[in-house]
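Novice: Before I ask anything, here is the structure I am working with.
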Amino acid sequence: MKSIFALLGVCLALGYGGIGCGEAANATSDVEPVLKAGEEECEMCRTPGSRASFLKAALAEEKRVANVEPLTAEEVTAALAEEIIGPDLALEEVQVFNETRVPDMPRVRTAEEWQTTAAAIRKQVLDQVVFRGGAAEWRDTPLRVEWGKTIEDLPGYRIKKLKFEAVPGWWIPALLYEPLELKGKVPVVLNVNGHARTGKATDYKQLRCINQAKRGMIALNVEWIGMGQFANRMGHYQMAQLDLCGVAGIAPFYLNMSKGLDVLLAHPNADPDRVAVAGLSGGGWQTIFISSLDERVKLANPVAGYSSFKTRARHGKDLGDSEQTPNDLAVYADYTHLTAMLADRAALLTNNAYDRCCFTAGHALPPLIDAAAPIFSLLDRRDYLRTHINHKPGSHNFGVDNRQQLYRFMGDVFYPGDTSFDAREIPSEAEVKSYDDLVVPLPEDNHSFNSIALGLMKDLPKPQTGSPAEQRKRLLEIIHAKDYTVNAKEVDGEGGVVHFQFALGRDWTVPATVFTPPEAKATTLLIADEGRAKQTAAVTQLMDDGYRVVTLDPFFFGESKIKSRDFLHVILMHAVGERALGVQAGQIAAIADWAVEAYGEPVELQSIGPRLSVAARLAAVQTEAIQSVTLHDPMQSLKEVLTENRGANHLPEMMCFGLLEAFDLKQIEALKFNP
């Protein structure tokens, strides 16, 4: 840091009536102390309240002393621009934070022990993640299906249009590919797709369904939330709006698949012992998720669709959308667990060698196989766990090579010993339909994440119960508040400006700059959505008003901003059982506690911008060190997240499960200022 701020020198004494021995000793580190051993202090050093006695005490405690001259705006700007933790630390810390919270595979010795463990995991994920909170009401709703037109005159099969209700008021369009000649029980296949804007009309997905039907299977081609006919109505990150309201946002995704299985198994020719699911990318995620949790599925072929949470923490392109990292999933299971949970069935894990999208074979496959293969072997079913790595083209695809691997696997599992089964692709490109040909009419008022959330919020937050202390405890539990210890490391600065790295527990390093005016009357903590680097005006005004300013960048803001795929790391943080709001509030509260100890008085907290205004309120509830809170341009209500239709990609830290269900911002404020 440039030497724009000097320690108090001998020349500063000219502004006073005289200089004491303590003041001379503080003047410069290059001279010997004026007061020698055995000598008496001068009168000024013994006078309580004199500047000499103040400087002497500061010297004894090794504290820096502010400049007498106020800092200029240019000097404040230069100080705020200084790097304290650098551009890489925030990313590294969040990677470690998330990775180390992902559970390892359990140690089991027998098949029975594993089956008991798998059943427990399945129940926990379904009860505590998928159907958590208000979503439990959707769990056992009856199947509702409405059939539409049928596309006839196709070679050996027909396409029946239908829609089914995933959750009350939310209809899913789908296509049933049915062989013309059906005898007895036949395999059924749920075909899911990933982030293809054309959804169920995507050509390679149509070819897969056609080939299955031409082999005598019944194939269901379902639309995925956010794609195809849903593409202009909703995004995956909006599912977090339901989480905020205390209803699992993952539930509609799960029911989109499980109700699809209901449709297939309701067919009179469906063989419940031969049920398969297959899909690419987001469809690969759907495949592993439904197949591991719904034991009706007997064969799963996820294609380039998932990896371990530990892998995702280090490979940013694997991080995945909100549905892949739902709140608290990794408290109970990693994707290694979900893969192993297929050991009593059959799994073909397909990945691509040069995939530039995600889940490249080289890093995605090994941890999954290392976890699952011993379990398949324990159940004496190692042959039912297979892998395929596509090299031509090797990109993100479910092309003919990958499709033929699926057909071959189906032949081995569903048609064992049938020498007539041919795994080669049946050319059907001429039968691929246009997007418009496959549209299924939907209700004008068909639900979405946002419409459901807007309905829920009318009755939120629920009436408060219990004493203020009990409400405070509940609030801190919801945000998973952190009680951090602080290790303050002074890293740079001179005179009235000091830079700190605040090490909070073993998890975080928060950058901060402390500005001390000549006569500080109190201390203010300053946080801002735009980061401390842009707070020259606020810092200058506070110093002019006589305040010492501790300006810091909490998690996700300013210099603590994650440099790449930022919000996806926050979504993963929520999946491993933590909450970004709890981290932010804990950081602010801990530094407020430090400031009280360092400066001997309660602090004021000022927040600039809507986002950190929420963490500011929470921090004030968490610690008594914060005496007052001033909010500039704050968020007025958490309901703004819903009325403005914001997703986890916009406001990831706000998507704290159940927060709005129990508290809005006025209720949070009341816990601090109206106890």
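The values are calculated or read from the model by the stated rules, or taken from the named source; none is laboratory data. Because the structure is a prediction, the values reported are computed rather than measured. Backbone-built Cβ (ideal geometry, glycine too); neighbour counts: all protein chains shown. Surface accessibility is based on the protein's heavy atoms, side chains included, excluding ligands, DNA and RNA. Shrake-Rupley method; radii C 1.70, N 1.55, O 1.52, S 1.80 Å.
Novice: Which residues' amide hydrogens lie under 5 Å from the amide hydrogen of L525, considering only partners 5 or more residues apart or on another chain, with H built in the peptide plane?
Specialist: V550, E604, L605, Q606
Novice: Applying 1/(1 + (r/R0)^6) with R0 = 51 Å to the Cβ-Cβ distance of V145 and R109, what FRET efficiency is obtained, to the nearest 0.05? Show your work: numbers first, answer last.
Specialist: Working: r = 45 Å, r/R0 = 0.89.
Efficiency at R0 = 51 Å is approximately 0.65.
Novice: Of the GluC sites (Glu not before Pro) in the range 502-596, which ones lie in a loop per DSSP and count no more than 10 other C-beta atoms within 10 Å? It would help to have the intermediate numbers written out before the result.
Specialist: Details: sites: E519, E530, E559, E578; in loops: E519, E530, E578.
Sparse-neighbourhood loop GluC sites (Glu not before Pro): E519.
Novice: Using only the alpha-carbon atoms of the range 321-407 as identical scatterers, what base-10 log of I(q)/I(0) does the Debye formula give at q = 0.22 Å⁻¹?
Specialist: -1.12
Novice: Report, in cubic angstrom per residue, the convex hull volume of the C-alpha atoms of the chain.
Specialist: Values: hull volume 124.4 nm³, N = 675.
Given the Cα convex hull of the chain, per-residue volume reads 184 Å³.
Novice: Let me ask another. If you count only protein heavy atoms with a 1.4 Å probe, what accessible area per residue comes out for the range 553-675, rounded to a whole Å²?
Specialist: On the way: 3810 Å² over 123 residues.
With all protein chains present, the range 553-675 gives 31 Å² per residue.
Novice: Over the chain, what is the mean sequence separation of C-alpha contacts under 8 Å (at least six apart), divided by residue count, expressed as relative contact order in percent? Numbers along the way, then the final one.
Specialist: Working: 1374 pairs, mean separation 104.8, N = 675.
Relative contact order comes out at 16 percent.
Novice: Tell me the Rg and the Dmax, in Å, that the Cα atoms of the range 454-546 produce.
Specialist: When restricted to the Cα atoms of the range 454-546, Rg and Dmax are 19.1, 56 Å.
Novice: Given all pairs of different Cα atoms, what value in angstroms does the Kirkwood hydrodynamic radius of the range 157-295 take? Working shown, then result.
Specialist: Values: mean 1/r = 0.0659 Å⁻¹.
15.2 Å is the Kirkwood radius here.
Novice: In whole Hz, with x marking every Gly and Pro, tabulate ³J(HN,Hα) for the range 497-504 from phi via Karplus 6.51 cos²θ - 1.76 cosθ + 1.60, θ = phi - 60°.
Specialist: Result, rounded to whole Hz: 10, 9, 9, 10, 10, 8, 7, 9.
Novice: How many Å³ per residue does the convex hull of the Cα positions in the range 250-316 occupy?
Specialist: Values: hull volume 5.8 nm³, N = 67.
So the per-residue Cα hull volume is 86 Å³.
Novice: For the range 68-108, report the % of Cα-Cα distances exceeding 17 Å. Please report the intermediate quantities before stating the final value.
Specialist: Values: 502 of 820 pairs.
Roughly 61 percent, once rounded to a whole number.
Novice: Per residue, what volume in Å³ does the convex hull of the Cα atoms of the range 617-675 enclose? The partial results should precede the final answer.
Specialist: Numbers: hull volume 5.7 nm³, N = 59.
For the range 617-675, the hull spanned by Cα atoms encloses 97 Å³ per residue.
Novice: Please state, as a whole number in µm²/s, the translational diffusion coefficient that the Stokes-Einstein equation yields for the range 349-459 at 4 °C and 1.567 mPa s, with Rh defined as the Kirkwood radius across alpha carbon pairs.
Specialist: Values: Rh = 18.2 Å.
Taking Rh from Cα pairs, D becomes 71 µm²/s.
Novice: Can you list the trypsin sites (Lys or Arg not before Pro) in the range 388-472 that are in a DSSP coil and have 14 or fewer other beta carbons within 10 angstrom?
Specialist: Working: sites: R403, R408, R424, K433, K458, R472; in loops: R424, K433, K458.
For trypsin sites (Lys or Arg not before Pro) across the range 388-472 that sit outside H, G, I, E and B with at most 14 neighbouring Cβ atoms in 10 Å, the list reads R424, K458.
Novice: In the range 91-131, if every C-alpha pair distance is counted and binned at 10 Å from zero, what percent goes to each bin?
Specialist: Each 10 Å bin holds this share of Cα pairs: 24, 33, 31, 11, 0.
Novice: Add -39500 (n - 2.57) for each DSSP H run of 4 or more in the chain, then divide by its residues: what number comes out at 222 nm, to the nearest 500 deg cm²/dmol? Write down the numbers at each step before the final one.
Specialist: Details: 24 runs with 239 residues, N = 675.
That comes out to -10500 deg cm²/dmol.
Novice: Can you list the lysines whose alpha carbon sits under 19 Å from that of K317, skipping same-chain ones fewer than 8 residues off?
Specialist: Here the lysines satisfying the reach criterion relative to K317 are K561, K563.
Novice: Any chance you could check the Cα centroid distance between the range 486-501 and the range 610-675 for me, in angstrom?
Specialist: Their Cα centres are 29 Å away from one another.
Novice: Relative to the first principal axis of the alpha-carbon coordinates of the chain, what is the inclination of helix 610-622, with its axis defined by its Cα atoms, in degrees from 0 to 90 and to the nearest 10?
Specialist: 70
Novice: Could you give me D for the range 268-384, from Stokes-Einstein at 10 °C and 1.306 mPa s, where the hydrodynamic radius is the Kirkwood radius over C-alpha pairs? Units µm² s⁻¹, please. Before the final figure, lay out the partial values.
Specialist: Numbers: Rh = 14.3 Å.
The estimated diffusion coefficient comes to 111 µm²/s.
Novice: Would you list D633, D418 from the most to the least accessible area, probe 1.4 Å? Numbers along the way, then the final one.
Specialist: Details: D633 110, D418 65 Å².
Greatest to least solvent exposure: D633, D418.
Novice: A follow-up question, please. Over 25 Å apart: what share of the alpha carbon pairs of the range 65-201 falls there, rounded to a whole percent?
Specialist: Working: 6223 of 9316 pairs.
Summing the P(r) of the range 65-201 above 25 Å gives 67 percent of all pairs.
Novice: Moving to a separate point now. Quick one: helix 282-293 against the long Cα principal axis of the chain, what's the angle to the nearest 10°, folded into 0 to 90?
Specialist: Around 80 degrees separate the two axes.
Novice: How far apart, in nm, are two points set 7 Å out from the Cα along the Cα-to-Cβ line at D380 and at D203?
Specialist: The two pseudo-label positions are separated by 4.8 nm.
Novice: Return the loop-located GluC sites (Glu not before Pro) in the range 429-466 (DSSP other than H, G, I, E, B) with at most 12 other Cβ atoms within 10 Å of their own Cβ; answer none if there are none.
Specialist: On the way: sites: E429, E431, E444; in loops: E444.
Within the range 429-466, the qualifying GluC sites (Glu not before Pro) (loop, at most 12 other Cβ atoms within 10 Å) are E444.
Novice: Mind checking which lysines have their Cα closer than 24 Å to the Cα of K666? Skip sequence neighbours fewer than 8 apart in that chain.
Specialist: In chain and number order, the partners are K458, K462, K473, K482, K639.
Novice: A further question on this structure: Based on the alpha-carbon gyration tensor of the range 404-525, what equivalent-ellipsoid semi-axes (square roots of 5 times the eigenvalues) come out, in whole Å, largest first? Each step should come with its number before you reach the end.
Specialist: Values: eigenvalues 755, 174, 84 Å².
They are 61, 30, 20 Å, listed largest first.
Novice: Same structure, new question: Could you give me D for the range 409-481, from Stokes-Einstein at 4 °C and 1.567 mPa s, where the hydrodynamic radius is the Kirkwood radius over C-alpha pairs? Units µm² s⁻¹, please.
Specialist: On the way: Rh = 19.6 Å.
So the translational diffusion coefficient is about 66 µm²/s.
Novice: Taking the C-alpha atoms of the range 527-621, how large are the radius of gyration and the largest Cα-Cα span, Dmax, in Å?
Specialist: When restricted to Cα atoms, the range 527-621 yields Rg and Dmax of 14.1, 45 Å.
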